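K.L.:
Structure provided below as structure tokens; questions to follow.
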Amino acid sequence: MDARDFLRRAVGTEGDYCLFVLKRDASGDVTKKIQRFFDNLEELQEQAERYDARGFDTYFGLATFKPGTTNRYANLALQMRALFLDLDCGEIKANPPDGGPPKGYIDQETALKALRGFCKGYGLPRPLVVNSGRGVHVYWTLDEPALAHEWEPVARALKAACESRGLLADPAVTADAARILRIPGTHNYKADPPEQVEVWGGADDAAPVSLADMAELLDAGPPKLRPSPGASSV
């Protein structure tokens, strides 16, 4: 699956799309950040490719945002089209220097094994899995876009399920409508040498799912399929 196909499956169809890029120096310190909004995914993808070629780490907003926005805030999120997890990997994540509990997995293979057990435990369908260059990003893409307020309780149930079953997903990511994650086809420049971000498997490996089905499996109750107070149509 190429980046364009992935983005069409993972992001909504209405609203503005967010691209976030940053540049690091040789020591790893961030020297430049740029955030831009586009009214179509094709332009976002073209710009992402250009920034990636210039050595920028490149991310997309999981939400679409209300047209004309200039800020990536959760209360401005319009549509969501995926439930997602971020599984960090590496020695420091698995064995924090301060001796605290692990915040990730020693390697991607161990993370994938834990993910398979988690999905089996809840009867969850197979997700799309992305090699983020160092960790693993996980997506259950939705068969149709959901309004952000419909998506949020199901995302919170997914977060609670991870905590209950001990899946070491980054807790700051799962229920954050304003979250950004890396774009497949670009590179993770934090790695040395840079690692390519790529979807593992093809489109047939993980069919889109309904938000209602995910809510039932996660015991979140039915999503509230109604306009949020003050919501504007697009």
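The values are calculated or read from the model by the stated rules, or taken from the named source; none is laboratory data. Treat the numbers as computed from the prediction; the structure is a model and nothing was measured. So basically every Cβ, Gly included, is an ideal-geometry build from the backbone, and we count neighbours across all protein chains shown. Please note that ligands, DNA and RNA were not included when accessible areas were found on the heavy atoms of the full protein model with its side chains. Shrake-Rupley method; radii C 1.70, N 1.55, O 1.52, S 1.80 Å.
K.L.:
Among the residues of the stretch 211-230 satisfying the criterion of being small (Gly, Ala, Ser) and modelled with pLDDT of 85 or more, which is surrounded by the fewest Cβ atoms within 10 Å (Cβ to Cβ)?
P.N.:
As a first pass, look at the stretch 211-230 and keep what is small (Gly, Ala, Ser): 212, 215, 220-221, 228, 230.
Narrowing the set further to residues that are modelled with pLDDT of 85 or more leaves 212, 215.
Details: Ala212: 17, Ala215: 20.
That would be Ala212.
K.L.:
Give the number of residues within the stretch 23-50 that are of a type in the set (A, V, I, L, M) and either touching a Phe, Trp or Tyr at 6+ places or on another chain (Cβ under 6 Å) or not in a strand (DSSP E or B) (or both).
P.N.:
The total comes to 4.
Table: residues versus (1) within 23 Å of Ala169 (Cα to Cα); (2) surrounded by 13 or more Cβ atoms within 10 Å (Cβ to Cβ); (3) among the acidic types (Asp, Glu); (4) within 17 Å of the chain's Cα centre (by Cα).
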site	(1), (2), (3), (4)
Tyr17	no, yes, no, yes
Asn40	no, no, no, no
Thr58	yes, yes, no, yes
Arg72	yes, yes, no, yes
Met80	yes, yes, no, yes
Leu85	yes, yes, no, yes
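K.L.:
Right, next: Which pairs turn up if I take residues in the stretch 18-45 that are free of Cβ contacts under 8 Å to residues at least 24 places away in the same chain and look for partners that are among the hydroxyl-bearing types (Ser, Thr, Tyr) and open to solvent by 30 Å² or more (accessible area, probe 1.4 Å) with beta carbon separation below 6 Å, at least 6 apart in sequence or on another chain?
P.N.:
Hits for this filter: Asp25/Thr31.
K.L.:
List the pairs whose first member sits in the stretch 167-185 and is without any contact (Cβ under 8 Å) to a residue 24 or more places away in the chain, whose second member is buried (at least 19 other Cβ atoms within 10 Å of the Cβ) and outside any loop (DSSP other than H, G, I, E, B), and whose Cβ atoms are under 6 Å apart, counting only residues at least 6 apart or on separate chains?
P.N.:
If the second residue must be buried (at least 19 other Cβ atoms within 10 Å of the Cβ) and outside any loop (DSSP other than H, G, I, E, B), the pairs left are Ala175/Ala155; Ala175/Lys159.
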